[in-house]
Each structure stands twice: as structure tokens, then as C-alpha cells.
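Below: one structure, written as C-alpha cells.
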Amino acid sequence: MSLLHEWNSLETRRRFLGRGSNALGAAALSSLLGSGLANAATGSALTTHAPKAKRVIYLHMVGGPSQMDLFDYKPVMKDWYDKDLPESIRKGQRLTTMTSGQARFPIAPSKYEFAQQGKCGMWMNSDLLPYLARNADDICWMRSLHTEAINHEPAICAMQTGNQITGRPCLGAWASYGLGSENDNLPNFVVLIATPTNREQEQAISSRLWSSGYLPGEHAGVSFRSKGDPILFINNPAGVPSEIRQQTIQNINALNELNYKAVGDPEIHTRIKQYEMAFRMQSSVPELTDLGNEPESTFALYGEEARKRGSFANSVLMARRLAERGVRFTQIYLNNWDHHANVGTRMPSQCKDVDQACHALIEDLKQRGMFDDTLIIWGGEFGRTIYSQGGLTRENYGRDHHPRCFTMWMAGGGARGGQIYGETDEFSYNIVKDPLHIGDFHATVLHLLGYSHERLTFKFQGLDQRLTGVLPAKVVHDLIA
């Protein structure tokens, strides 16, 4: 026996023994229900408790929004203008190379006005977020997130995958793996990259952020483009009718099936599924992206920017359309929150991009009866410093990266509306109550989806791998309705 055939025999035997009756049951169920319903049913079989959320819309603010300019009100800082950050507060924390060489660390109080909103009394930037302020009691506010990463690439990787090292599955891939599909004609996990109005200082956004890692490739995110065809080659070439394309795919998949029987690599089956999905998407994606049937009330709610492909408002509207068609996880990235300078000019532009759109998404989901089982997540990869980077005036300043504390929020999907969780010191520099590590946040999100973060695992390199890794993590029940 050749080494290849020996490996194939051992590998497929391990898979069979490891999956056992579940694999046989899934095959029988698939023949009875069709692949989409079967995936959803087998995904449900992995749950440890009744889920509160069936789907997720994750709005990632790339660069790290400034918590003290948006949601972490620090009025005492006005008296500290241009005074040095006390060493007793900084406590020798390592800094990025962008400010570690500064001769001093002058306090930059927020220039914006804050007001309490809702019955919960959440202090928010009332200048720039008037729409979102209306939803204060719908939102679960988390002001004590913290992470170990201090630079963008490891920080955004940790926020998306649970680890600073690339190559692991992201949260969306884990959700796809656990939940299964509700729609055979669209991907289970879709990625949209919105274009900010201001493009002064953008960070790189790479496809490894929506990778399936060691999970089967079918759970990777599918990125929709904001210009041209939503997906490359979604349309047939000139002169190629749909029947010919379908026959071509069937022949290719027949060859892939022969290859699978010879090699036994499960990724070949992933390739077969993706070819079939691509063919079905030729009809489902154009219908999805055509907003012609949306009533004028939709654009009154989301704003006229929602008509502009690639805008944040348009991306959020697309996320709602994806959610109502059964897509489990939609990830939207919005760049230009890396406010090392010019906060006074850039923050208003960024907030205008997100304010009405986020409010509209919450209200739209409510109107459609989808808010209670759709989890919305908003936040970046870390926070910003209270001290200024570069020049400082009362009207303008910059802020460096700050991993010790930052603010995120959740709404719908079982998140506790009106909850204000965690507190920071008067400098918004250190956490003084209820710290929330990103691992605890991930564990809580999985719990809302019906899974134990300790039991939703995948065997890889001899270990039962999981989103939260091997370090202790806990579900924070105060965040759950």
C-alpha cells in the first residue's frame, strides 16, 4: 500500500470513529430535509441551551473608537486640560512607538457635549449621536472591555478570532459552524467593507480576518464588493447560457468527487459545495442587492446614504436584507477610527456615517419582528488614550491606542437593553469595576447563540480547539436579558 493510500485509510477511519452515529444521522437527515435544513438541525443538536439569538450583525469600527469622546463621560478631565497624565495612573504601561518618545503626556479632555439618555441614564455624546441616543434603553453598554494587544493587526485579530496570532477561525466562522445554514442560496457568513466618508487614516483590512482557519473552508466569510458585481464572475461570460454553466459545474464536481475518493481530503467536498453555492448565487445575489423593491420609508429611516453602494448605511441595510433571508452572520467593517490626530474633524464625520444607520437597523428589525433574535454588536479592537498624541488645543487633539479599557455595545438577540456594565477611572485609563476581557465577551456571544464556549470545539492538531482558547473565560450573565 502506498503512503498516500495508507494515510487516507487511517484518516477516514478516524473521521468515521470520531463522528460515529452523528455522521450517519446527519447523512440520513440531509436526504430527508435537504442540506440547508439539515445543517440547521445538526447545528441545533450541538447547542447546550435554548438560544436567544439566531443570527448576528457585527459592526466593527476599524482603528479603535475613542471611548471618552463617545460613551465614557469624564467631566473632571476638563480641569486637567494640558496637565500631565500622572504616573500613578499610567503605572508604567507600555506605549506604542508613536507616543513612547513624547516628552510629556498632556491630558486632552473631550471637546464634545454629553447628556444622559433613556431611562437607563447612559451618558452619551449628544452632539454627534442624536439618533443612537433614542435607543439607549435598547442597548447593552459595555464600558470595561480590555485586551492585551496594543497594535492594530494583533488587536483586530484577537477581537475577531480570540487570538493575536493569525490563522484561527473568526467568530463568524464559529457561528456558521455551530448554527448551520437556513438558506441554500446564500453564504452562511457574509462580509461587507463599508467606505467611510472621511478616508484620512485607514487601516489594512485583510481576508484573514474572516478566515475559517482550521474549520472546514465552507465556514469562511464571503466578501461582497461595494463596486461592480457584488461578487466577481457572478454573471456568466457573454455567450454562455445558464444551462452550459450548470453542466460545467456538474462535470467539475464529478472530477472533484473522483479526487475525493482517491485522496479523502474533506476540503475537496468543501470545494464541491462552493461550486454549487456559486451557481445558486447567480440568481439569489442580484435579487438581494437590488433595492428597487424597498419602499421610500426604508430610505427615510436609513437616510439617503443608504442608496449609495458601499456606504455604511447601505451596508447596514444590506445586512438587514441578508438577515431576513437566513444569513447567520454578517460582518461589516468601517475604517478610519484610528484617531492619532485631528479628532475634531474626523470624529463628526465618522459618527455621521454610523449614527442614523445604527438607529435605523434597530428600529427596522423591531418593525419586522427580528430584533429579539438578531444580535447586533458594535465596537473596535481597542480604545484610545486620554492624553494627546501630537499637538493639543481645546478644539483638536489626537489619541493613541489604548488596550486597557474601551467601550462596545450590543443590542437585540438576548442582550440586556439599558444595562451599563463596567466602570473606568476618571481618566478612562484603568478599569475600576467589572472588567470584561474579550474572551469573556466571546463566551457571552456564543452563549446567546445557544453554545457553551467550552463545548463548541473542533479537533485540530490533537486538541479540541475553541474560540476562547485555553485561558479561562466566563459567560457574563449581567449582559443577558
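The values are calculated or read from the model by the stated rules, or taken from the named source; none is laboratory data. Every value quoted in this text rests on a predicted model; they were computed, and no experiment measured them. Here the Cβ is made from the backbone with ideal geometry for all residues, glycine too, and neighbour counts use every protein chain on show.
Annotations
- Taking the range 260-315 as the range and being modelled with pLDDT of 85 or more, of a type in the set (V, I, T) and under 23 Å from the mean Cα position of the chain (by Cα) as the test, only T289 passes.
- Restricting attention to the range 125-184 and to residues that are part of a strand (DSSP E or B) and more than 22 Å from G414 (Cα to Cα), the residue that is nearest to the chain's Cα centre (by Cα) turns out to be H146.
- Lone qualifier among S283, S315 - being closer than 30 Å to I249 by Cα, assigned to a helix (DSSP H, G or I) and polar (S, T, N, Q): S283
- Which listed residue, of R271, R199, R225, is surrounded by fewer than 15 Cβ atoms within 10 Å (Cβ to Cβ) and under 21 Å from G172 (Cα atoms): R225
- Pairs are defined by a Cβ separation below 6 Å, a sequence spacing of at least 6 or placement on different chains, a first member in the range 130-156 that is without any contact (Cβ under 8 Å) to a residue 60 or more places away in the chain, and a second member that is assigned to a strand (DSSP E or B); the pairs so defined are A133/Q117; A133/M124.
- Residue in the range 363-383 that is of a type in the set (F, W, Y) and in contact with an Asp or Glu (Cβ under 9 Å, 6 or more places away or on another chain) present: yes
- Of residues in the range 396-431 being polar (S, T, N, Q) and within 24 Å of the chain's Cα centre (by Cα), the one surrounded by the most Cβ atoms within 10 Å (Cβ to Cβ): T407
- Only a single item in (1) in contact with a Leu (Cβ under 6 Å, 6 or more places away or on another chain); (2) within 28 Å of G417 (Cβ to Cβ); (3) outside any helix (DSSP H, G or I) is not met by I377, and it is number (1).
- Of all the listed residues (Q117, Q67), the sole one being without any contact (Cβ under 8 Å) to a residue 24 or more places away in the chain and closer than 30 Å to T330 by Cα is Q117.
- Test: residue in the range 437-453 that is more than 20 Å from the chain's Cα centre (by Cα) and either crowded, with 22+ Cβ neighbours inside 10 Å or β-branched (V, I, T) (or both): no
- There is at least one residue in the range 186-203 that is closer than 22 Å to P266 by Cα and touching a His at 6+ places or on another chain (Cβ under 8 Å).
- Counting the residues of the range 84-105 that are more than 32 Å from the chain's Cα centre (by Cα), closer than 12 Å to F427 by Cα and surrounded by 12 or more Cβ atoms within 10 Å (Cβ to Cβ) gives 3.
- Residues in the range 425-471 that are without any contact (Cβ under 8 Å) to a residue 12 or more places away in the chain and either touching a strand residue (DSSP E or B) at 6+ places or on another chain (Cβ under 8 Å) or closer than 21 Å to A155 by Cα (or both): V432, T457, D464, V470.
- Hey, T393 of a type in the set (S, T, Y), surrounded by fewer than 20 Cβ atoms within 10 Å (Cβ to Cβ) and assigned to a loop (DSSP other than H, G, I, E, B) or not: yes
- Cβ separations smaller than 6 Å between residues 6+ apart or across chains give no pair from the range 317-344 residues that are more than 22 Å from L209 (Cα to Cα) to residues that are assigned to a strand (DSSP E or B) and at pLDDT 95 or above.
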